[in-house]
1. Inside segment 196-240, can you point out the residues that are outside any loop (DSSP other than H, G, I, E, B) and touching a strand residue (DSSP E or B) at 6+ places or on another chain (Cβ under 8 Å)?
2. Starting from residues that are outside any loop (DSSP other than H, G, I, E, B) and small (Gly, Ala, Ser), keep the ones in segment 29-86 and report whichever is nearest to Ile109 (Cα to Cα).
3. Can you name the residue in segment 319-341 that is in a helix (DSSP H, G or I) and in contact with a strand residue (DSSP E or B) (Cβ under 8 Å, 6 or more places away or on another chain) and is also farthest from Gly191 (Cα to Cα) among such residues?
4. Out of all the residues in segment 17-32, is one or more hydrophobic (A, V, I, L, M, F, W, C), open to solvent by less than 70 Å² (accessible area, probe 1.4 Å) and under 30 Å from Ala260 (Cα atoms)?
5. Considering only residues that are outside any helix (DSSP H, G or I) and of a type in the set (Lys, Arg), look in segment 152-195 and name the one that is farthest from Ala277 (Cα to Cα).
6. Among what's in segment 153-178 and is aliphatic (A, V, I, L, M) and closer than 22 Å to Val99 by Cβ, pick the residue that is most open to solvent (accessible area, probe 1.4 Å).
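The values are calculated or read from the model by the stated rules, or taken from the named source; none is laboratory data. Since this is a predicted model, take the numbers as computed values, not measurements. Positions of Cβ are generated from backbone atoms using ideal geometry, with glycine treated the same way; all protein chains shown enter the neighbour counts. Calculation scope for accessible area: heavy atoms of the full protein, side chains included, ligands and nucleic acids excluded. Shrake-Rupley method; radii C 1.70, N 1.55, O 1.52, S 1.80 Å.
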Amino acid sequence: MNKEVTTVPIDLGNRSYEIRIGHGILSDQYEFLGWVSGDQVLVITNDVVQPLYLDRLKQALPGKHVEEIILPDGEQYKTLETAGEVFDKMLAVPLDRQVTVLALGGGVIGDLSGFVAACYQRGIGFIQVPTTLLSQVDSSVGGKTGVNHSSAKNMIGAFYQPLRVIADLSTLRTLEPRQFSSGVAEVIKYGLINDLAFFEWLEQNIDSVMRHDQAALTEVIRRSCLNKARLVEQDERESGVRALLNLGHTFGHAIETVTAYGPWLHGEAVGLGMLMAARMSTLQGWLENSDLLRIQILLEKAGLPVNPSKDFKPEELREAMGRDKKVLAGKVRLILMQGIGNALVCQDYDPKALQQTLEEFAVG
């Protein structure tokens, strides 16, 4: 190993693993071979990432029999049908229980690959190799895997931890600006949840982050992963504090659902969802208007949408939120804020505040 690598450990007992963050580590044998137990490797990726990084990843797997599954790119393909097609190909090879799945791509590939690994022969090893900022700071970490249903996002899945996460910063150079901004939304989330100092750091350094400054990106990914790791360690299966990571997601998932996983990227929907949660928090009297403005300004500087949208109507979002997996006893649980860096899981809120928020942001 001759590359500088930042390591973030996740302590989950016998399911513990490391997040490895570095530049140019995608083709480093050291990062992979000790965690690939058998001779068979299955790389699941998509048709955008494949021509960019698949050959580089293969350099890290000398002597292994590498199978490839190339999926179409897009959230609309994160379905049970796609998972079934992957199982068909795995059985046709056939792949045995010693195969290791490598998820090479963004959040869709990581979620679907992890779900496949959790189900195939009742569980096989997999490694997350995230290539987008969003997947490096969020979706590849913590063991949430799954697919979407047409009526609700991420309704079918499993908690299943990877063997490790290998985040190569060099892959971020090929991201389109919208995809990069989508990842920054999840970064901002960590500051809003429980890390005021990180939010303030982002306010001061957002221009460097958006310029892809390597030092700034390393800090962004390290700090985000640390924040998520600490919550996952306390609450692996989201029965308590891990739910804070859903800030903005109940609104955001509803946006994605009613727009059929099409025009809105996940981070864009979550970004607007966080602003909606902040606005609702001000209506509850919990968040200062000055803090709401700070949040909006930071989201704007990150290139994220902050204006009311004609893509959806209040009643559409309300209905979709009612099918969210965070609904408990018939009431939607929301993550709201009692100040920047002080989020809380809330089921006892003023329904008028929710309705006003929906009407302000959903004008279709």
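1. Listed by number, the residues that qualify are Thr218, Ile221, Arg222, Cys225, Leu226, Ala229, Val232, Glu233.
2. So, considering only residues that are outside any loop (DSSP other than H, G, I, E, B) and small (Gly, Ala, Ser), the one nearest to Ile109 (Cα to Cα) is Ala83.
3. At the first step, the residues of segment 319-341 found to be in a helix (DSSP H, G or I) are 319-321.
Still in the running and in contact with a strand residue (DSSP E or B) (Cβ under 8 Å, 6 or more places away or on another chain): 320-321.
Working: Ala320: 27, Met321: 24 Å.
Selected residue: Ala320.
4. no
5. So the residue we want is Arg164.
6. Here the answer is Leu163.
Conditions (1) closer than 17 Å to Glu4 by Cβ; (2) over 14 Å from the mean Cα position of the chain (by Cα), marked per residue:
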| site | (1), (2) |
| --- | --- |
| Ser181 | no, no |
| Glu186 | no, no |
| Asn194 | no, yes |
| Ala197 | no, yes |
| Asp207 | no, yes |
| Leu217 | yes, yes |
| Leu226 | no, yes |
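Condition check ((1) under 30 Å from Tyr77 (Cα atoms); (2) open to solvent by less than 50 Å² (accessible area, probe 1.4 Å)) across all residues:
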residue	(1), (2)
Thr257	yes, yes
Met274	yes, yes
Ala277	yes, yes
Met280	no, yes
Ser290	no, no
Pro305	yes, yes
Ser309	yes, yes
